[in-house]
Amino acid sequence: MLKVIVGVKRVIDYNVRVRVKSDGLGVDLDNVKMAMNPFDEVAVEEAIRLRERGLAEEVVVVSVGGSKSQDVLRMALALGVDRAILVECEGEVEPLQVAKILRGVCERESPRMVLLGKQAIDDDSNHTAQMLAGLWDCPQATFVSSMEVDGDGVRVGREVDGGIEKIWVGYPCVVSVDLRLNEPRYASLPNIMKAKKKPLEVISALDVGVSVENRLEVVRVEEPPERARGVRVGDVKELVSGLRASGILSED
Ligand code: AMP
């Protein structure tokens, strides 16, 4: 049976309006609501469904980050995963380092499948799953919007430009999930209370053989340009002459 690892990242809640810090070197995290990356909620839900259907025997969530990342691990435990591992690191950890740490966790835990989100909504990298598959030397299925266990692997649908591509990948594999895969459940209050007693192990990156060395430097972060105000026009004639005047429509 399957042992599944799910990677979850603590990010700014998707409802929060992100503000750039005054030094232009990052975004303001002070007093900002944080939450589990939405794609990771979908990955957690899929893993729990596999276990509920008797297809997975254990689901383990892993987060790489500061001690506050325990919040998102506890949330995953409340949703139904069996145990959690926090790989505690201070400061930003870039995707290659996260992938190396996850590979170290995989070597320790020997899962048959690693489920990740297709991207973290804070850095929008969309790197970690692909790099983990490379480092762990296993097949990958990215942007997955449907999944079923089939023999010694999974048959998945991938969202690609022209539609859905169907592929089969054998275990062990890395799967990165898209939002359409499922609709995550909410945690009930009793389960949130029970989750406090579930096992949450805190380890360091060195415990899985990784000395974190970031190689990216954020040079500048900028707010998107303000959208120009719209203009209300009275009729089509006025619209066409306005478009001509602004050079969007040519005279002929
Ligand atoms: P990214 O490559 O940063 O866009 O992230 C893709 C996915 O990798 C996320 O949706 C998570 O499943 C996983 N991931 C990224 N960063 C972390 C982290 N710090 N801890 C655990 N999982 C992570």
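The values are calculated or read from the model by the stated rules, or taken from the named source; none is laboratory data. Quantities reported herein were computed from a predicted structural model and do not represent experimental measurements. Virtual Cβ from ideal backbone geometry, glycine too; neighbours counted across all protein chains shown.
Figures for the structure shown
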quantity	calculated
LEU249, sole failed condition from (1) more than 24 Å from SER63 (Cβ to Cβ); (2) surrounded by 14 or more Cβ atoms within 10 Å (Cβ to Cβ); (3) touching a Leu at 6+ places or on another chain (Cβ under 6 Å); (4) not charged (D, E, K, R)	(2)
Segment 24-68, residues that are within 28 Å of SER146 (Cα to Cα) and polar (S, T, N, Q)	ASN37, SER63
Tally, over segment 68-118, of residues that are closer than 15 Å to ALA35 by Cβ and surrounded by fewer than 21 Cβ atoms within 10 Å (Cβ to Cβ)	5
Top-ranked residue of segment 103-122 - restricted to ones that are aliphatic (A, V, I, L, M) and assigned to a loop (DSSP other than H, G, I, E, B), ranked as farthest from the ligand (Cβ to nearest atom)	ILE121
Test: residue in segment 19-39 that is assigned to a helix (DSSP H, G or I) and buried (at least 21 other Cβ atoms within 10 Å of the Cβ)	yes
Single match in SER146, SER125, SER69, SER176 (criterion: touching a residue at least 24 places away in the same chain (Cβ under 8 Å), part of a helix (DSSP H, G or I) and among the hydroxyl-bearing types (Ser, Thr, Tyr))	SER69
Hits in segment 219-252 (condition: at pLDDT 90 or above and within 30 Å of GLY65 (Cβ to Cβ))	VAL219, ARG220, VAL221, GLU222
Residue that is farther than 17 Å from SER204 by Cβ and away from the ligand (no atom under 13 Å from the Cβ), where the choices are MET34, MET1	MET1
In segment 18-60, the residues that are under 20 Å from the mean Cα position of the chain (by Cα), over 25 Å from PRO225 (Cα atoms) and among the basic types (Lys, Arg)	ARG49
Residues within segment 195-244 that are among the polar types (S, T, N, Q) and in contact (Cβ under 8 Å) with a residue 24 or more places away in the chain, tallied	2
Meets criteria (in contact (Cβ under 8 Å) with a residue 12 or more places away in the chain and surrounded by 21 or more Cβ atoms within 10 Å (Cβ to Cβ)) for ILE48	yes
Scope segment 176-186; condition buried (at least 17 other Cβ atoms within 10 Å of the Cβ) and of a type outside the set (Ser, Thr, Tyr); matching residues	VAL177, ASP178, LEU181, ASN182, PRO184
Residue satisfying all of: in segment 128-163; within 13 Å of the ligand (Cβ to nearest atom) and of a type in the set (S, T, N, Q); nearest to GLU183 (Cα to Cα) among these	THR142
Residues that are assigned to a loop (DSSP other than H, G, I, E, B) and over 20 Å from VAL8 (Cβ atoms), drawn from segment 150-173	ASP150, GLY151, ASP152, ASP161, GLY162, TYR171
